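Below is one structure, written out as structure tokens; comments come after it.
The values are calculated or read from the model by the stated rules, or taken from the named source; none is laboratory data. For clarity, every value in this text was computed on a predicted model and none was experimentally measured. Backbone-built Cβ (ideal geometry, glycine too); neighbour counts: all protein chains shown. Surface areas here come from the heavy atoms of the whole protein model, side chains and all, with no ligands, DNA or RNA. Shrake-Rupley method; radii C 1.70, N 1.55, O 1.52, S 1.80 Å.
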Amino acid sequence: VLGQRAGLFGLEIGTTLVTVSTIIALAGLAWWSAVALERAEARRSETEAILRESEERSRLIFENIPIPAWVYDLETLAFLGVNDAAVETYGYQREEFLAMTIKDIRPPEDVPVLLESISRADGGDHGDGLWRHRTHDGKLIEVQITSHPLSFDGRPAELVLAQDVTERLPDKMCHGPD
């Protein structure tokens with residue numbers, strides 16, 4: 001009977017040791033996982049902060065370029081963003097611009113040429129060159145357009161710089177009906 005009890009206690013002690021070892025191993029694994037998650041979270045937070053800073057720098061550069069600039073949606077032609085120089089040059093408030101399309105700053109007779117230019121552009125040149133634009137007060141200005149395709153909030157878009165060259169050009173050098 002004593003030998004049977006010793007074997008029984010030995011089995012209980014062995015089972016207890018396995019259980020305690022398993023608990024210690026799982027606790028160690030949980031601790032290691034928590035440390036790894038904490039490190040990953042710290043890296044993610046740092047990466048997000050770097051990305052926010054980069055986006056803020058890019059936004060500040062865009063808004064403060066001394067040449068009128070905007071981003072427009074290639075499908076709807078809606079303005080998605082405009083800089084301070086565009087607001088100043090064209091005379092529209094930022095909110096007005098954002099409620100308009102790029103057709104709205106063109107003389108009506110130039111819109112078909114604009115649409116044709118956009119439809120035949122492949123991969124980037126959506127009307128680079130000389131164009132006529134109409135300001136808020138109705139004045140026509142001649143601008144040198146430079147554009148670059150990009151993705152804006154996941155949508156195909158175009159970044160445009162519009163340098164006013166009205167004073168530098170002889171008449172009738174811009175795109176549009178002759």
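Could you pull out the residue among Glu167, Glu116, Glu158, Glu75 that is at pLDDT below 95 and touching a Ser or Thr at 6+ places or on another chain (Cβ under 7 Å)?
Numbers: Glu167 fails: touching a Ser or Thr at 6+ places or on another chain (Cβ under 7 Å); Glu116 fails: touching a Ser or Thr at 6+ places or on another chain (Cβ under 7 Å); Glu75 fails: touching a Ser or Thr at 6+ places or on another chain (Cβ under 7 Å).
Of Glu167, Glu116, Glu158, Glu75, the one residue that is at pLDDT below 95 and touching a Ser or Thr at 6+ places or on another chain (Cβ under 7 Å) is Glu158.
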Checklist entry - Out of all the residues in the stretch 57-72, which are at pLDDT below 95 and in contact with a strand residue (DSSP E or B) (Cβ under 8 Å, 6 or more places away or on another chain)? => result Phe62, Ile65
Checklist outcome for this item: Among the residues of the stretch 75-111, the number that are of a type in the set (Gly, Ala, Ser), touching a Pro at 6+ places or on another chain (Cβ under 8 Å) and over 21 Å from Thr166 (Cα atoms) is 0
Next on the checklist: With the requirement that a residue be under 30 Å from Asn83 (Cβ atoms) and of a type in the set (Val, Ile, Thr), what does the stretch 26-58 give you?
Outcome noted: Thr47, Ile50
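Got a sec? Which helices (runs of 4 or more DSSP H) wholly within the stretch 32-128 have at least 2 residues that are open to solvent by less than 30 Å² (accessible area, probe 1.4 Å) and in contact (Cβ under 8 Å) with a residue 12 or more places away in the chain?
Working: elements: 84-90, 94-98, 111-120.
Result: 84-90, 111-120.
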Checklist entry - Looking at this structure, is Val18 surrounded by 10 or more Cβ atoms within 10 Å (Cβ to Cβ) and at pLDDT below 85? => result yes
Item to check | Selection from the stretch 137-152 of residues that are surrounded by fewer than 14 Cβ atoms within 10 Å (Cβ to Cβ) and in contact (Cβ under 8 Å) with a residue 40 or more places away in the chain | outcome: Asp137, Leu150
